[in-house]
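The values are calculated or read from the model by the stated rules, or taken from the named source; none is laboratory data. All figures in this text were calculated on a predicted structure; none of them were measured in a lab. Reconstructed Cβ throughout: ideal geometry from the backbone, glycine too, with neighbour counts over all protein chains shown. The area values use the complete protein model at the heavy-atom level, side chains included, leaving out ligands, DNA and RNA. Shrake-Rupley method; radii C 1.70, N 1.55, O 1.52, S 1.80 Å.
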Amino acid sequence: MQEGINFFNIIMIMIIIITIERDFMVIADLNNGDKFKIKKVNLRGETGKRLADMGFSKDVEGKVIRSALLGDPIQVKIMGYNISIRKSEAKGVSVELI
């Protein structure tokens, strides 16, 4: 019985850690028309660099214009430009609603 309680405690701690780490929403969670402010780009390598080159950096404001039928790609407006990004890339950009 004691082992079951320890396993339950470990699962609860993991859920709390995941909740804390995902304090902000990601672009993929937003609906059409939502305005946001970028908090962090969590992508590394070429993809993260490419997004940074297109203006995805901290405290930049944007708006979700629309998403495709199945949610991929997502069109966002950043710095006056309309940019389409993959859903997998949108999951790597932490934002807060404004």
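Output the residues belonging to segment 46-68 that are surrounded by 12 or more Cβ atoms within 10 Å (Cβ to Cβ) and either in a loop (DSSP other than H, G, I, E, B) or touching a Phe, Trp or Tyr at 6+ places or on another chain (Cβ under 8 Å) (or both). Once the filter is applied, which keeps residues that are surrounded by 12 or more Cβ atoms within 10 Å (Cβ to Cβ) and either in a loop (DSSP other than H, G, I, E, B) or touching a Phe, Trp or Tyr at 6+ places or on another chain (Cβ under 8 Å) (or both), segment 46-68 yields Met54, Gly55, Phe56, Ser57, Val60, Glu61, Gly62, Lys63, Val64. Could you grab me the full set of residues in segment 69-98 that are among the hydroxyl-bearing types (Ser, Thr, Tyr) and open to solvent by 90 Å² or more (accessible area, probe 1.4 Å)? Of everything in segment 69-98, just one residue is among the hydroxyl-bearing types (Ser, Thr, Tyr) and open to solvent by 90 Å² or more (accessible area, probe 1.4 Å), namely Tyr81. Total residues in segment 19-33 satisfying the condition of being at pLDDT 60 or above and of a type in the set (S, T, N, Q): the figure is 2.
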